1. Listed residues A:170, A:166, A:174; which is under 20 Å from the mean Cα position of the chain (by Cα) and modelled with pLDDT of 90 or more?
2. Please determine whether any residue of region B:110-132 is of a type in the set (Ser, Thr, Tyr), in contact (Cβ under 8 Å) with a residue 12 or more places away in the chain, out of contact with any strand residue (DSSP E or B) (no Cβ under 8 Å at 6 or more places or on another chain) and outside any helix (DSSP H, G or I).
3. Looking at (1) of a type in the set (A, V, I, L, M); (2) within 14 Å of chain A (Cβ to nearest Cβ); (3) open to solvent by less than 60 Å² (accessible area, probe 1.4 Å), can you tell me which one residue B:199 breaks?
4. Considering only region A:351-367, state which residues are open to solvent by 40 Å² or more (accessible area, probe 1.4 Å) and polar (S, T, N, Q).
5. Are there helices (runs of 4 or more DSSP H) fully within region B:136-192 with at least 1 residues that are within 14 Å of another protein chain (Cβ to nearest Cβ) and among the hydroxyl-bearing types (Ser, Thr, Tyr)? List them.
6. In this structure, does residue B:243 turn out to be farther than 25 Å from residue B:124 by Cα, in contact with a helix residue (DSSP H, G or I) (Cβ under 9 Å, 6 or more places away or on another chain) and either open to solvent by less than 30 Å² (accessible area, probe 1.4 Å) or more than 12 Å from every other protein chain (Cβ to nearest Cβ) (or both)?
7. Count, please, the residues in region A:232-247 that happen to be open to solvent by 20 Å² or more (accessible area, probe 1.4 Å) and within 12 Å of residue A:195 (Cβ to Cβ).
8. Hey, could you check region B:1-59 for residues that are in contact (Cβ under 8 Å) with a residue 60 or more places away in the chain and of a type in the set (Asp, Glu) and say which is least open to solvent (accessible area, probe 1.4 Å)?
Amino acid sequence: MAQKGSLKRFSSIFLASSLILGALAGCSSSEGGTSESGGASEGDSSEVIKIGANLELSGAVASYGSSIATGAELAVEDINAAGGIDGKKIELIKVDNKSENSEATAAAIKLATQDKVAAMIGPATSGNMLATVQISNDNKIPVVGAAATAPNVTENEDGSINEYAFRTCFIDPFQGIVAANFATGELGAKNVAIYADNSSDYAKGLAASFKEQIEANGGKVVAEEAYVAKDTDFKSTLTRLKSAGAEFIFIPGYYEEVGLIVKQARELGIDVPLMGADGWDSPTLIELAGAEALNNTFITNHYSSNDPDEKIQSFVEAFKAKHNEAPNAFHALGYDTVFYIKDAIERAGSTDGEAIQKALAETKDLNLITGTFSVDEKHNPVKTATVLEFVDGNQTFNSKVNP
Amino acid sequence: MEWLQQLVNGISLGSIYALIALGYTMVYGIIKLINFAHGDVFMLGAFIGFYAIARWDMGFFPALIISMVVCAILGVIIERVAYKRLRNATRIAALITAIGVSLLIEYTVIFFRGASPEAYPGVLPNKSISILGANISTQSIFILGVTVVLMILLQFIVHKTKIGKAMRAVSHDADAARLMGINVDNTISATFAIGSALAGAAGVIFGVYYTKIDPLMGVLPGLKAFVAAVLGGIGSIPGAMVGGLVLGVVETVVSALGYSLWRDAAAFVILILILILKPSGIFGKNAREKV
């Protein structure tokens with residue numbers, strides 16, 4: 001009995017201390033998150049427009065969230081230097097959601113109720129973003145995702161729209177459509193094969209939309225194979241694809257496996273064009289596959305820092321001057337998200353959530369770094385995708401493909 | 001010549017399983033322990049080879065030898081620290097300890113270098129040779145050659161050397177061997193050293209052939225090698241080789257027929273079938289020499 005008692009006491013002490021620790025951690029992160037310019041009382045004056053940034057600054061996908069934050073900060077600096085929005089400066093309030101759903105919800109509640117932001121930049125990943133859309137709907141504060149590409153972020157399964165959720169990136173299935181148009185249009189391929197990662201919804205969505213579009217374009221899918229993440233040996237399936245006579249292979253998936261697939265495909269003498277989507281975009285891909293094997297492969301992406309477009313090049317130079325590296329797609333999307341919100345606030349002429357929501361939904365032909373877009377009825381931007389080609393291990397700009 | 005290509009694919013994959021399975025089967029043959037940490041020694045071997053090649057600019061063979069030596073030492077340390085005191089304990093205690101050691105190794109590596117994958121530098125020239133319509137990379141021929149040489153070397157050690165004789169004696173009857181003046185502890189250490197050295201070699205070969213290594217890479221090949229060892233008859237050296245090659249070819253055939261998502265499942269279906277139908281494995285009958 002005595003043992004039981006002490007165990008109980010120990011567990012209660014443990015619980016209490018973990019609660020205190022948790023509370024402390026919560027305090028420090030929220031304080032660290034508030035940007036330096038002006039406290040809460042000052043923020044209430046009409047001199048600043050507050051925009052919340054609910055981002056993955058630590059945890060599993062911190063590289064995405066931090067890139068978006070860096071891009072957004074640069075945008076805020078640029079806008080403030082140019083006089084702000086109707087003379088008011090923007091204040092960016094960053095909150096770290098630690099790459100977790102529950103933290104993302106808590107951060108959205110904090111931004112909506114305590115900071116009373118005019119609009120929010122949503123978490124980087126679709127899962128974390130989904131955890132915040134209800135808060136936005138309830139508080140009538142728009143949330144704009146920079147990189148949440150899953151269709152269900154803005155459109156529920158029953159077809160209803162999350163009224164206050166928007167995004168600046170295109171959705172997953174769209175890249176499949178672009179790849180299909182590229183295969184039949186630019187490359188003139190008729191018989192294509194699909195080799196998709198069966199363990200990711202992202203890849204399955206891309207494969208489905210690719211197949212649909214290929215058939216609509218008059219092409220034929222001669223083979224459809226699948227692998228799962230963490231596989232290392234793809235040769236037997238690739239041999240099968242080779243003997244099926246594919247002129248083009250679409251490989252939606254992530255760079256870890258794709259790197260090996262490309263290497264092994266070339267070893268087997270498969271020299272047809274291979275194509276993927278933004279999941280390929282990592283320096284590790286080049287290490288795994290080897291620069292030579294990657295020749296004649298293509299990806300769709302949100303943007304390319306090598307795009308000769310003037311607007312993109314001046315953005316790339318400004319970014320390089322500040323951060324000493326070329327901006328990646330997440331930097332560009334973070335930058336664009338702030339400008340998308342700024343444009344909506346200007347047109348709404350108010351910082352009222354409902355007015356901004358209406359303006360965001362009505363956006364037309366907005367010219368941003370990652371493309372010119374209009375918003376469709378499902379709150380997704382309709383914009384061009386960039387096709388990049390790997391040439392000797394470097395991503396080079398190939399073309400822009402319209403949806 | 002699709003089938004020839006598929007056969008080549010299967011043998012390349014199977015020879016790596018076979019190399020790992022040899023270590024499993026040797027340790028089991030001697031002390032009846034299923035050493036689940038074996039797959040993680042394989043992973044350590046891959047990383048040691050990686051650092052030798054990428055950081056210290058070594059060639060393939062020096063890296064292979066360094067990796068084998070370090071893995072042999074690690075194998076002996078693992079045996080001395082974790083398994084030796086359990087030699088007379090129940091089998092389940094030893095098995096659970098092996099799983100614990102396995103997790104300890106995996107997460108120690110993750111602690112020191114993170115879980116992200118690493119790309120092996122290309123140390124071997126890689127050209128495709130076309131034979132009867134099948135593309136065979138020079139790399140895979142080379143790797144198959146190294147595997148065969150190591151297996152022959154192992155057969156030589158077990159059958160022609162003094163330590164090999166001692167191993168066979170201990171596996172037959174440890175107490176009798178001790179009475180005959182054989183140092184059982186040293187013999188068991190030697191078994192661990194040789195088995196772990198082979199796992200280390202397999203790690204380097206895997207890295208060169210498949211390019212991608214990560215701290216959890218040993219888990220699935222480790223389990224597959226276990227299946228291969230059981231398939232061939234656990235405790236039997238030729239059994240491990242044959243089991244590995246059969247498993248590699250079966251997995252390839254499953255993918256070649258268009259059931260690529262079933263290939264891992266197929267390996268474990270084989271394990272279940274073999275345990276139901278013929279638990280002693282293919283070479284189970286002549287399992288008298290169990291080293």
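The values are calculated or read from the model by the stated rules, or taken from the named source; none is laboratory data. Computed from a prediction, not measured in an experiment: that's the story for all the values here. Here Cβ is always computed from backbone atoms with ideal geometry, including for glycine, and neighbour counts include all displayed protein chains. Ligands, DNA and RNA are stripped out before the accessible areas are found, and what is left, the full protein with its side chains, is counted by its heavy atoms. Shrake-Rupley method; radii C 1.70, N 1.55, O 1.52, S 1.80 Å.
1. On the way: A:170 fails: modelled with pLDDT of 90 or more; A:174 fails: modelled with pLDDT of 90 or more.
Only one candidate passes the filter, namely A:166.
2. Step one: filter region B:110-132 for residues of a type in the set (Ser, Thr, Tyr), giving B:116, B:120, B:128, B:130.
From what is left, the residues that are in contact (Cβ under 8 Å) with a residue 12 or more places away in the chain are B:116, B:120.
From what is left, the residues that are out of contact with any strand residue (DSSP E or B) (no Cβ under 8 Å at 6 or more places or on another chain) are B:116.
From what is left, the residues that are outside any helix (DSSP H, G or I) are B:116.
There is at least one residue in region B:110-132 that is of a type in the set (Ser, Thr, Tyr), in contact (Cβ under 8 Å) with a residue 12 or more places away in the chain, out of contact with any strand residue (DSSP E or B) (no Cβ under 8 Å at 6 or more places or on another chain) and outside any helix (DSSP H, G or I).
3. Residue B:199 satisfies every listed condition except (2).
4. Let us first name the residues in region A:351-367 that are open to solvent by 40 Å² or more (accessible area, probe 1.4 Å), namely A:351-352, A:354, A:358, A:362, A:364-365, A:367.
Within region A:351-367, A:351, A:367 qualify.
5. Numbers: elements: B:138-160, B:162-172, B:174-179.
Passing ranges, in order: B:138-160.
6. On the way: farther than 25 Å from residue B:124 by Cα: yes; in contact with a helix residue (DSSP H, G or I) (Cβ under 9 Å, 6 or more places away or on another chain): yes; either open to solvent by less than 30 Å² (accessible area, probe 1.4 Å) or more than 12 Å from every other protein chain (Cβ to nearest Cβ) (or both): yes.
It is true that residue B:243 is farther than 25 Å from residue B:124 by Cα, in contact with a helix residue (DSSP H, G or I) (Cβ under 9 Å, 6 or more places away or on another chain) and either open to solvent by less than 30 Å² (accessible area, probe 1.4 Å) or more than 12 Å from every other protein chain (Cβ to nearest Cβ) (or both).
7. Adding up the residues that qualify gives 3.
8. Selected residue: B:40.
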